[in-house]
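Enquirer: One structure, pasted below without further comment.
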């Protein structure tokens, strides 16, 4: 390249000489307004200067090659409005590289080419007012002439001169793309990996809305009618959005179905909000609205503007992160659109945030795991097993079922976030081993079994609450033996319960030891609220080997709500209002236990 002088005369002279060379003698007279004799001298001087000029330049000479093979190169053209086409351009594959037929290339771009006195003249047909491009073999300079007389002509210097072969002008593929890029001021590129040329004749690059046309032969043009016949591709549906945080940024991936559409990315504004816009696309707005508690990406909000596009507002954290770049590309193979956000990597800060997020996740998981959000209510006996029967014919199974129903209604009304699981809700027989399994299958967090008591000594009265464990008194043993006797009403009880012994009870109690304290605390809270005045059976929580408490893997209690063998208490237990009072007392115990328990668990998790 010749260095430009301060007065710019060398550059001006070169452009003047090139213009003189390309125009006719009559045009020279108009341009220079000088006599003919001087014009002849000027042309002679031009040739002398050009010889010296080309000798002094280190410009790549026209490529030479000994062999060539005719071929075609696909050209993918995007024209805007979600339309485009793919067409093949004539080319030569030589030992010096891939050479493109400039005239075929121009026809593929819907330009109007013609040969005139050894010069290839190409004109814009659609642009207004447009311009023309003049190319000549073995000449590195190209003249660009605007149709608007108010605009100046331009001279473009090519890296290599066009080569004339069989009446056609050829340029290396990259140089040919550069020629049309400089002339049309549009992106025209060649991808070595795919062997495809691409031209974006729209103001911005579009997606893959293209159709296939064919090979442009000499003399062929694509008419306006043909252009209208190119079908617009159907739109796309954005199915999902995923954010992957990295140490140096984040990747936002939009999964889609359907054909590719025009997509535009607006870089983040001062508030850190970027916008990704899809033409002719749709999505489930509610499902794809995302908020994030931490990380570079704070939010993703899809909206549908009035122009029919689909736009995603990407909220980025530009306070805690220094955003460097935001780029976009489409993964054609997997039909995904990906936004790459690069930020300055604060490794220590990121690690600290990740650690805090992991801790918070564990805490939340632990809190959720130990929330008392599912309570199993077990009404004792049922069906062909009436349980204890009072002197006035009051059956234990009926009293227990009424109390369980009332207690379940209270829990549902007071704690709408708590599920109530019933082992039975009507008069049916449920085997003891199955009751615990029901609790476990449904993810119960507490197991409450409701019963009524009986004793040969009919003066004994009062309520009792038991937990699983070896009996510590004769009375506790007798109660457990009576409640366990229900197994004899099961068809295969000998085989099913043959392993139940004192030793097995101790082992079961040890297995329940993980819940022993919770069971005891719950039992104490319930006992304090259902105990009646003038009770004769003593205070406190008791333990015994109740088979129904074997299986539940959770804190479990068995409530003996009173003695049907005592006439005074039988009268209370058969009264519906009294049954509701008992249920309310049990609920108060559950309420106190739940509050203390969850507060303790949350405090422990926070530490």
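Enquirer: Scanning the range 416-428 for residues that are outside any strand (DSSP E or B) and surrounded by 15 or more Cβ atoms within 10 Å (Cβ to Cβ), which turns out farthest from the chain's Cα centre (by Cα)?
Expert: The residue in question is 427.
Enquirer: Still on this model: Consider the range 573-586. How many of its residues are free of Cβ contacts under 8 Å to residues at least 12 places away in the same chain and either more than 20 Å from residue 449 (Cβ to Cβ) or not assigned by TED's automatic domain parsing to the domain that holds residue 409 (or both)?
Expert: 2
Enquirer: Follow-up question, since we're still on this one. Just to be sure, is residue 214 outside any loop (DSSP other than H, G, I, E, B) and at pLDDT 90 or above?
Expert: Against the criterion (outside any loop (DSSP other than H, G, I, E, B) and at pLDDT 90 or above), residue 214 does not qualify.
Enquirer: What do you reckon, is residue 407 surrounded by 19 or more Cβ atoms within 10 Å (Cβ to Cβ) and modelled with pLDDT of 95 or more?
Expert: yes
Enquirer: Kindly evaluate residue 427 against the criterion of being touching a strand residue (DSSP E or B) at 6+ places or on another chain (Cβ under 9 Å) and farther than 17 Å from residue 558 by Cβ.
Expert: Judged against the criteria, residue 427 is a match.
The values are calculated or read from the model by the stated rules, or taken from the named source; none is laboratory data. Just so it is clear, the model here is predicted, and its values are computed rather than measured. Note that each Cβ is placed from the backbone with ideal geometry, even for glycine, and that neighbours are counted across all protein chains shown.
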